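Please read the structure below before turning to the comments.
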Amino acid sequence: MSRRGYSVVEIVVVLVLLGALAAMAFPQLSSTRERYAVIHAADEFASAHRLARAIALRNARVAELHIDPAAGLFWVEVDTSATRTGATDTIGPVRRSSSHNVTMTSTRNLLCFDGRGLATPVWACPPGDATVTFSRGTKADTVRTTITGTLLR
């Protein structure tokens, strides 16, 4: 008599093979997730950097890129008052590098861009050259800005 279906032995063999394949693939998947989380955080920082320069150019006033490595935050602020009295507003979202367990270190806490889109050491702003490093596990990505405010990856 012919039976349809699989025997328990066949099912166990398939499950053992799938388990072995999963055990071999897991470290690679974990490493890939780390790498993409770091790249994503660095891309978001580069986006905030471009936003700060674009806002400075568009409004012909100083835009500030704030970097808070301890909290894993970065955001853009600009003086939005008509008389340039120093009333600042946050432009775009406050981004969090730690949302994917990515840590951030930076040589600067503030980058300022003048009305020409160049990094400028005005007020409390240090020079525009900064190195921001994003890391998770064994993976890291570094974003550098030059003294003129150009972004290097």
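Quick note: the coordinates plus some simple rules give every number you see, no bench work behind them. Just so it is clear, the model here is predicted, and its values are computed rather than measured. Neighbour counts are summed over all protein chains in view; Cβ atoms, including those assigned to glycine, are modelled from backbone coordinates with ideal geometry.
Residue ranges 136-147, 70-81, 34-45 sort as 34-45, 70-81, 136-147 when ordered by packing (mean number of other C-beta atoms within 10 Å per residue, highest first).
Based on Cα atoms of region 113-153, Rg over Rh with Rh as the Kirkwood radius reads 1.12. Phi angles of region 99-105 translate, via the Karplus equation with coefficients 6.51, -1.76, 1.60 and θ = phi - 60°, into HN-Hα couplings of 5, 10, 6, 9, 9, 10, 10 Hz per residue; Gly and Pro are given as x.
Which distance in Å, rounded to a whole number, links the C-alpha centroids of region 84-153 and region 30-48? A separation of 15 Å, based on Cα centres. Translational diffusion coefficient of the chain (Stokes-Einstein, Kirkwood radius from Cα pairs, 37 °C, 0.692 mPa s): 183 µm²/s. Amide hydrogen proximity for THR120: with H placed 1.01 Å from N in the peptide plane, the residues at 5 or more positions away or on another chain lying under 5 Å are CYS112, PHE113, ASP114.
Between the helical axis of 8-59 and the longest alpha-carbon principal axis of the chain there is an angle of about 10 degrees. Entry note, the chain: relative contact order of 21 percent, from Cα contacts under 8 Å with a spacing of 6+ residues. Please report, to two decimal places, log10 I(q)/I(0) for region 18-104 at q = 0.10, 0.21 Å⁻¹ as given by the Debye formula with identical point scatterers on the Cα atoms and no solvent. Computed log10 I(q)/I(0) values: -0.38, -0.94.
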